[in-house]
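All remarks here apply to the structure that follows.
Any read-out appearing in this document is the output of simple, stated calculations on the displayed coordinates, not a laboratory observation. Bear in mind that the values here come from a model prediction, so they are computed numbers and not experimental data. Cβ: placed from backbone, ideal geometry, glycine included. Neighbour counts: every protein chain shown.
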Amino acid sequence: MKGVRDWVFGQLLSKSLASTRPLSGSGSFLSEEPVNEDSDDPVGIQFDNYFSYKDPWLNGEMVFSIRESGDMNFRAEMRIVRAHMARSESSSPTSDTSCSSSCNQETGSPQSLQQVAEDSCQSIHGVEVKKGDPLTKIEDLRINFFRLLLRFGQSHDNLLVAKVLHRLHLAASIRAEEMNRVKVDRARAVAEEQEASGIPELNSSFRILVLGKTGVGKSATINSVFDQTKALTDAFRPATIHIKEVVGSINGVKVTFIDTPGFLPSSTSNLRRNRKIMLSVRKFIRKSPPDIVLFFERLDLINMGYCDFPLLKLMTEVFGNAFWFNTILVMTHGSATPEGPSGFPITYESYVTQCADLMQHYINQAVSDSKLENPVVLVENDPHCKKNFMGESVLPNGQVWKSHFLLLCICTKVLGDANTLLDFKGSIELGPLITPRVPSLPHLLSSLLKHRSTTDSTGVEQDADEILLSDAEEEDDYNQLPPIRILTKSQFEKLTKSQKKDYLDELDYRETLYLKKQLKEESQRRRERRLSGEEDCGVGDNSDHQQTSPEAVLLPDMAVPPSFDSDCTIHRYRCLVTSDQWLVRPVLDPQGWDHDVGFDGVNLETAIEIRRNVYASITGQISKDKQDFSIHSECAAAYADPRGQTYSAALDVQTSSGKGMIYTVHSNTKLRNLKQNVIECGVSLTSCDNKYYVGAKLEDTILVGKRLKVVVNAGQMRGPEQVAYGGGLEATLKGGDYPVRDDRISLSMSALSFKNEMVLGGGFQSEFRPIRGMRMAVNANLNSQNMGQVNIKISSSVHIEIALVAVFSIVKAILRKKVTENNSRELLKMG
Ligand SMILES: Nc1nc2c(ncn2[C@@H]2O[C@H](COP(=O)(O)OP(=O)(O)OP(=O)(O)O)[C@@H](O)[C@H]2O)c(=O)[nH]1
Ligand SMILES: [Mg+2]
């Protein structure tokens, strides 16, 4: 199926091939994989990974790094555009004669392609040929193709011809499986022989449907191709009122044009009329469908403000997506003097490229498929147009348009016939690729390994409690402290620098001790409650708090990127916390522009103690914007035994990036067999698109002293016919003031094995306070595939952002300079 799709996309003669554009980049035709221009650029992703900066503390205020990645992308794009233009501009239009001009354009480096086509055919001989066999018919088609080329005086040494042959060969190989027969040379020889003798009669005719807006030159093109006035044209009003077949003969080959009334420029009032024309055309061609469809536009009228997308959409709706397969874009008024969007003249080639790209873009949008590439041909129907010495009309780039037009028709017809012969029609699908998204097994496994069971609703880890309680026996330092006089601002200002420092240090020390004391009391209370069990169910921890703060509390405004933010603070989403049981907050989209579009979701959280030692928590988030609706929720219930054992079960529901839902059930058991050792086992079952993934993990946590924690884990995740194994080791050293100050440094190692491939990874995380009033987190990881990430987060209450931006800009400039220097050194070396 993939082969068919690839073939089909390949068969659409690439634009660069058929248009007047230079062919330096036409190698893609031979590649089996169609080039998807929209595909993610892995380099881009890497940039993002390296430079992106997500900051939960500052709400993404460190914009410079985000801009950095955006800037990179933008510059990459610019480079592509420039390269493209340069390519267009570098080719000087050939201004010499007829066939040779078009051949020069097309041949580029035909040798290699021709060779490929021939080689491929030479290697496929020796299979019996049966009459009526589609492969035999393909062979006949090949002969017919050569005869048509001969008849129309077209050269064989042509890139276009080589590509058609190559495609025919691919088509035959798909059906035949075994490589098959008859050399191209033979087909060519037979064709020459038959053409010379005229026997048998050339059995080929063309049926061409012309479509386009009124006045674009459909009828005029028909007349030009036949070299006589067969259809009515009119410069001032619609000339073709009814669908009409215009039959003629070109070099003895019957050509039938189906001339149609032109569409009106798209607007709501013209929609009905356009649809009526399209429906009547559809009815007309139902009995004998055309071999080729020509869609007309005026080259001189296509500019950057092209707005006929609704018309293209309507055509797709009426004729179906597949109709675009055999469609050639015809641009009349081909000798129009190009003018860039800003009024400055640009080269003919770049202008044509721009127009063709623009039209292709809209067609791709109409069919929702970026792979489709329609051939483009330029036409000039003006009788006063420039002529070569043989009297043939030539375009400003020297191309004889009629010859090119006919060649394109022949190629499209032959490939269309091959399509029908090999019965590929049903397999052709245009439109968005709907690939069912399968969750990645390694991803599921690593999230299972990372997942830590929530033991209770307070959020304070048990080991933190341990430390605090062990400290409780020690003397209470805070109460021993001598009283201190708090200075006013003016008093503080009067102090010397060292006095200021001492004073602030003292305050810091006292604050730490005070917080420690508070946490100690809190954890003591918790422990007593847990052990005594006297407390009422369902009220839990929150009872004291609820009594003290029954009033609604206004949460502070979230920091939104400053662009487009109005100063008016009245019309803003406010967030009130009315009880401790439920926390409802708006979700800020960091990409959003302002307060209106920045919030597109709701987040809801609750955690309660249902019964003694039984906790439940619900976390959910719903986001909705114009296109996407996503929901992510986590419901968990846990039973925490006072002796340290914990049993928990949870259900996660999440929308996948397709339309389906992903459900995950997991269960965890935590056993504290020794004071310093906790063993945790977890199982999970994930369901996505009727596929099930089962995972299990085992984890051991060892506490060494009060500050060092080592976690070792291993797990397995099984999906349909796939298994992933993984494990890791993480050592965390907590700061002396933990848990009051969450300073820590941790080193981690991980191994993941999937599909006989092992990925090893290492990571470093650290969180500390470099100076007073500032916190810094450094997070770096790298794996054996050389993929990694570095995150640096800085949060500060002092205004040092400006200094930071400056430092960052300097570092950036130095790096960029270094890169440029390296590049120029390499260039010098090459030179
Ligand atoms: N200069 C120039 N004029 C053209 C070209 N193509 C068409 N014309 C003129 O444009 C006018 C309209 O052309 P038609 O062929 O009647 O247009 P049409 O698309 O058939 O229009 P409908 O029949 O109404 O759909 C005629 O006067 C043509 O001579 C071209 O390539 N160059
Ligand atoms: Mg007409």
Of segment 694-734, those with amide N under 14 Å from the point 7 Å along the Cα→Cβ vector of Q676 are 701-711
Subtracting the Cα-Cα distance of Q499 and R643 from 0.36 nm times their residue separation yields 46.9 nm
Quick note on C409, C385, ordering by fewest other C-beta atoms within 10 Å, gives C385, C409
Packing-ranked peptide list from 259-269, 504-514, highest mean Cβ count within 10 angstrom first, is 259-269, 504-514
If the chain between S667 and V553 were fully extended at 0.36 nm per residue, the gain over the current Cα-Cα distance would be 37.5 nm
Neighbour-count ranking for K734, K497, K517, K450 (other C-beta within 10 angstrom, fewest to most) reads K497, K450, K517, K734
Between L264 and A196, the two model label points (7 Å from Cα along the beta-carbon direction) sit apart by a distance in nm of 6.0 nm
Given 251-258, 137-144, 292-299, the highest-first ranking by average Cβ count within 10 Å works out to 292-299, 137-144, 251-258
In nanometres, the difference between 0.36 nm per residue of separation and the alpha-carbon distance of V759 and L301 is 159.3 nm
Output ordering of 360-366, 741-747, 376-382 (per-residue mean of other Cβ within 10 Å, highest first) is 376-382, 360-366, 741-747
Q480 and R525 label points (each 7 Å along its Cα→Cβ direction) are spaced in nm at 2.6 nm
Note on segment 218-315: contact order normalised by length, alpha-carbon pairs under 8 Å, 6 or more apart, percent, works out to 19 percent
